[in-house]
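Worksheet: the structure to be examined is printed underneath.
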Amino acid sequence: MRVTNKTILTLVLSLVLVLGASLSFAQEKMTMEEYEKQLAEWQTKLDAADKGKAECSTANEALQQEIDAVQAETDKVWNEILAEIGTDQAGVDAFRSDLNALNSQCDGLLALTPEELFQKRDEVEALCGKLDEAKTNRISALTEMQNLIATIEGKLTQIKNKMPKAVYDEYTVVVGDYLWKISGKPDIYDDPTHWMRIYSYNADQIKDPDLIYPDWILKIQREVGPDEYLVAQGDYLQKIAENPEVIGDPASWTKIYEKNKGIIGDDPNMIFPHTVLVIPKE
C-alpha cells in the first residue's frame with residue numbers, strides 16, 4: 001500500500017486527539033512523572049511514523065524506477081517486433097480498426113433472417129475476401145490479431161450455416177393443374193412461358209413435365225442460388241460457361257451439360273429460356 005502525505009497527516013491528527021484526551025485525563029488523574037512518561041511514548045510513536053513515512057517514500061521511488069525500467073524494456077521489445085513485421089504502432093491501430101469493422105459487420109449479418117442473409121450473400125463473400133486479405137498481412141501474426149481473426153471466422157461460419165442455399169416458396173398441386181397453368185398464376189410467375197423454371201427446379205420429383213399429380217409440393221424458385229444459373233433468351237452452353245460469374249471458360253460447357261443432361265436432353269445445343277441449370281464448381 002502506498003503511504004501518502006494525507007495518510008500521515010491523518011495519523012498525526014489522530015495521535016494529537018488521543019494525546020489531548022490523555023492530557024485532559026492526566027490533569028485529573030496522572031502525576032507529572034506519569035504524564036511525562038506517556039508524552040515520551042507518544043513522541044516515540046510520532047518519530048516512528050515519520051521514519052515509516054520516509055521509508056515508504058523511498059520504497060515508492062525505488063518501485064517506480066523498477067516500473068519505468070520494465071516499461072522501457074517492454075517498449076523496446078515491442079518496437080523491435082513492429083520493425084520485424086514492417087509496421088509501426090499507427091499501422092497496428094489501423095489494422096485493429098479494420099478487423100473491428102469486419103467484426104461489427106458480422107454482428108449485423110447475424111441479426112438478419114435466413115432469407116435476408118441470402119439477399120446479402122455477395123456482401124458475405126466480400127467480407128470473407130477482406131478477411132482472407134487481412135490474414136496475409138504480417139500484422140495478423142500478433143496474438144491480439146489472431147484472436148480477433150478467429151472470432152470473425154467463427155461468426156462467418158455461423159452466418160454461412162444460417163444462410164439457405166436458395167430461396168423458394170412452395171406450391172401444392174391441385175386437381176387440374178399443369179405446369180403451364182401454374183406458372184401463369186399471378187402469385188407464381190404470372191407468365192405461363194416460365195413453366196420450364198418449375199420443371200427444372202423440381203427435376204428430382206418431376207420426371208415428365210406433362211405428368212404432375214395432386215398434392216405434390218413443388219418448389220417455386222424466387223432467387224437464383226450461388227450454384228445455379230437461370231437461362232436467358234439467347235443463351236447457349238458455351239456462352240454460359242464463358243461468363244466469369246459462372247465458370248469463366250467457354251471450353252467448360254461440357255461440364256455444365258453433363259451436370260444437367262437429365263434436363264437438357266441428348267442435344268446440348270437445345271436449351272430453353274427459364275431453365276434452372278446447376279453449375280459444377282470443380
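The values are calculated or read from the model by the stated rules, or taken from the named source; none is laboratory data. Fair warning: this is a prediction, and the values are worked out from it, not measured in the lab. Note that each Cβ is placed from the backbone with ideal geometry, even for glycine, and that neighbours are counted across all protein chains shown.
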inquiry  = Can you go through I279, I220 and tell me which one is surrounded by 14 or more Cβ atoms within 10 Å (Cβ to Cβ) and either over 41 Å from the mean Cα position of the chain (by Cα) or more than 27 Å from K181 (Cα to Cα) (or both)?
reply    = I279
message = Any residue that is of a type in the set (S, T, Y), within 16 Å of F95 (Cα to Cα) and more than 13 Å from the chain's Cα centre (by Cα) - is there at least one of those in the stretch 137-147?
response = yes
inquiry  = What's the number of the only condition in (1) within 30 Å of D169 (Cα to Cα); (2) exposed (fewer than 10 other Cβ atoms within 10 Å of the Cβ) that A90 fails to meet?
reply    = (1)
request  = Keeping to the stretch 229-271, report how many residues are surrounded by fewer than 17 Cβ atoms within 10 Å (Cβ to Cβ), in contact (Cβ under 8 Å) with a residue 40 or more places away in the chain and under 21 Å from Y189 (Cα atoms).
outcome  = 2
task = Within the stretch 142-160, identify whether any single residue is without any contact (Cβ under 8 Å) to a residue 24 or more places away in the chain and on the phi > 0 side of the Ramachandran plot, and answer yes or no.
result = no
task = Please find, among D169, D190, D227, the residue that is more than 38 Å from the chain's Cα centre (by Cα) and of a type in the set (D, E, K, R).
result = D190
ask   = Can you name the number of the only condition in (1) closer than 29 Å to V124 by Cα; (2) surrounded by 13 or more Cβ atoms within 10 Å (Cβ to Cβ) that I212 fails?
value = (1)
inquiry  = Could you go through the stretch 171-188 and let me know if any residue there is of a type outside the set (K, R) and in a strand (DSSP E or B).
reply    = yes
message = For the stretch 127-148, give me the residue count where each residue is within 15 Å of K160 (Cα to Cα) and surrounded by fewer than 12 Cβ atoms within 10 Å (Cβ to Cβ).
response = 1
ask   = Any idea which of (1) at pLDDT below 95; (2) under 30 Å from E84 (Cα atoms) is the one A203 doesn't satisfy?
value = (2)
ask   = So, of the residues in the stretch 149-167 that are out of contact with any Asp or Glu (no Cβ under 6 Å at 6 or more places or on another chain) and modelled with pLDDT under 90, which turns out to be surrounded by the most Cβ atoms within 10 Å (Cβ to Cβ)?
value = M163
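So that you can scan it fast, the table gives a plain yes or no per residue for (1) farther than 30 Å from A150 by Cα; (2) modelled with pLDDT of 80 or more; (3) loosely packed, with under 12 Cβ neighbours inside 10 Å:
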site: K6; (1), (2), (3): yes, no, yes
site: A21; (1), (2), (3): yes, no, yes
site: L39; (1), (2), (3): yes, no, no
site: G52; (1), (2), (3): yes, yes, no
site: D75; (1), (2), (3): no, no, yes
site: A111; (1), (2), (3): no, yes, yes
